[in-house]
Amino acid sequence: MKAQQDATRLQEKERREKQKARERENQRKAREAERKEREAEKQREEERKHELALRGEEITRQASKPQTMSWTPDSEASASDVTDIISIPKPGPDPVPELEVPAASCPPLIISPPASST
């Protein structure tokens, strides 16, 4: 009976040790997976920063080029293109606005023949 109890205890102890070893292995694998995920996230962040830097360089390069507009007779212009061209302000003083006067408020215009010098 004592030998059977000792054998049962030994088996239980071995089972607990195996369970602990499995738990330690699972924790190690989980930590390794988390570490790999952090490294992958860090790599994605570095790639994103690199892509943003490249875009910034391209925007800077585009901005440093002189902007010219070319027009060829066979190209199609939209209404907004025409409006943009027309609405560009010209340098210099503002033009004097024309005054509108109703005709009823004006005195009649009288034209007399030139005075003859006889």
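The values are calculated or read from the model by the stated rules, or taken from the named source; none is laboratory data. Everything numeric in this text was worked out from a predicted model, so none of it was measured. Methodologically, a virtual Cβ is constructed for each residue, glycine included, from the backbone with ideal geometry; neighbour enumeration extends over all protein chains shown. Calculation scope for accessible area: heavy atoms of the full protein, side chains included, ligands and nucleic acids excluded. Shrake-Rupley method; radii C 1.70, N 1.55, O 1.52, S 1.80 Å.
Shape summary of the stretch 1-67, radius of gyration then Dmax from alpha carbon positions: 28.9, 99 Å.
Whole-Hz Karplus values for the stretch 41-56 come out as 5, 5, 5, 4, 5, 5, 5, 5, 4, 5, 4, 4, 5, 4, 5, x Hz, taken residue by residue from phi with 6.51 cos²θ - 1.76 cosθ + 1.60 and θ = phi - 60°; glycine and proline positions read x. Label sites at residue 115 and residue 30, each approximated as a point 7 angstrom past Cα along Cα to Cβ, lie 11.8 nm apart. Solvent-accessible area assigned to carbon and sulfur over the stretch 1-58 amounts to 50 percent, based on a 1.4 Å probe. Other residues with beta-carbon under 14 Å from the beta-carbon of residue 29 carry, at +1 per Lys or Arg and -1 per Asp or Glu, a net charge of +1.
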